[in-house]
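The values are calculated or read from the model by the stated rules, or taken from the named source; none is laboratory data. All values reported here derive from a predicted model rather than from experimental measurement. In this analysis, Cβ positions are derived from the backbone assuming ideal geometry, glycine residues included, and neighbour counts consider all displayed protein chains.
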Amino acid sequence: MSNPYIPPRYIIKLKAEQIAYSLGLTVEQVMKEFRDARVISRFSEYWAGQLYGYEKVSNTNNASYDGTIKNKLIGTQYISIKSLTNSGIRFQQSKYIGSGRTCNKELLLKSLDDVDFIIIVDIINFPQIKFIPVPSSTIIGLINNDSLTHNGYRENSFYSNIFKMAPNDVVFEYYELYK
């Protein structure tokens, strides 16, 4: 795994009313469902493609990463996309999350073996979405220092451990999807 170039952090602002109209839903339904990582994760991959040139892998059944970003200067970077929700964020592969599934420090580290960086998709304030690339080495360091376990982080813990600052103090670039 190489030492990755870290792309900028972005904020996109969606229009819940347009999404609701297009899908035949109420704004309230859109606001509820799009704050669910299982729903928005598919869309997040498309938006990551627009922001970073991210390409989803065609078969994720055995891959430890979700996609790649190809860069002429540094080569291919292997990417994992994770959602930060009101319930927090976990960094292990999804096969280690859920009822009846277990994870420990070894499996958590194994989940990051082939990943150069993780694009965190903060959907807490949907329809505003933050895209936060974090080097996997940062996450691995937190795991090795026992600052991060398989239980993950809540919002404030994520920002204070990754950036050493509060969520509102982290700088982002605005990206306009509607051009």
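Points to keep in mind about this one:
- Within region 122-153, tally of residues that are in contact with a strand residue (DSSP E or B) (Cβ under 7 Å, 6 or more places away or on another chain) and surrounded by 15 or more Cβ atoms within 10 Å (Cβ to Cβ): 15
A quick yes/no check of all residues on (1) more than 21 Å from L177 (Cβ to Cβ); (2) not hydroxyl-bearing (S, T, Y):
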position: Y21; (1), (2): no, no
position: A37; (1), (2): no, yes
position: E55; (1), (2): no, yes
position: K70; (1), (2): yes, yes
position: G75; (1), (2): yes, yes
position: S83; (1), (2): no, no
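- If you go through region 1-33 and keep only what is surrounded by 14 or more Cβ atoms within 10 Å (Cβ to Cβ), in a loop (DSSP other than H, G, I, E, B) and modelled with pLDDT of 95 or more, you end up with just L25.
- Some residue of region 102-113 being surrounded by 13 or more Cβ atoms within 10 Å (Cβ to Cβ), in contact with a Lys or Arg (Cβ under 7 Å, 6 or more places away or on another chain) and at negative phi: no
- Unique match (being more than 24 Å from G98 (Cα to Cα) and under 13 Å from the mean Cα position of the chain (by Cα)) among I139, I129: I129
- Counting only strands (runs of 3 or more DSSP E) that fall entirely inside region 50-135 and contain at least 3 residues that are not β-branched (V, I, T), the qualifying elements are 54-56, 67-71, 75-84, 128-135.
- Residue in region 94-101 that is more than 20 Å from R9 (Cβ to Cβ), in contact (Cβ under 8 Å) with a residue 12 or more places away in the chain, of a type in the set (S, T, Y) and surrounded by 14 or more Cβ atoms within 10 Å (Cβ to Cβ) present: yes
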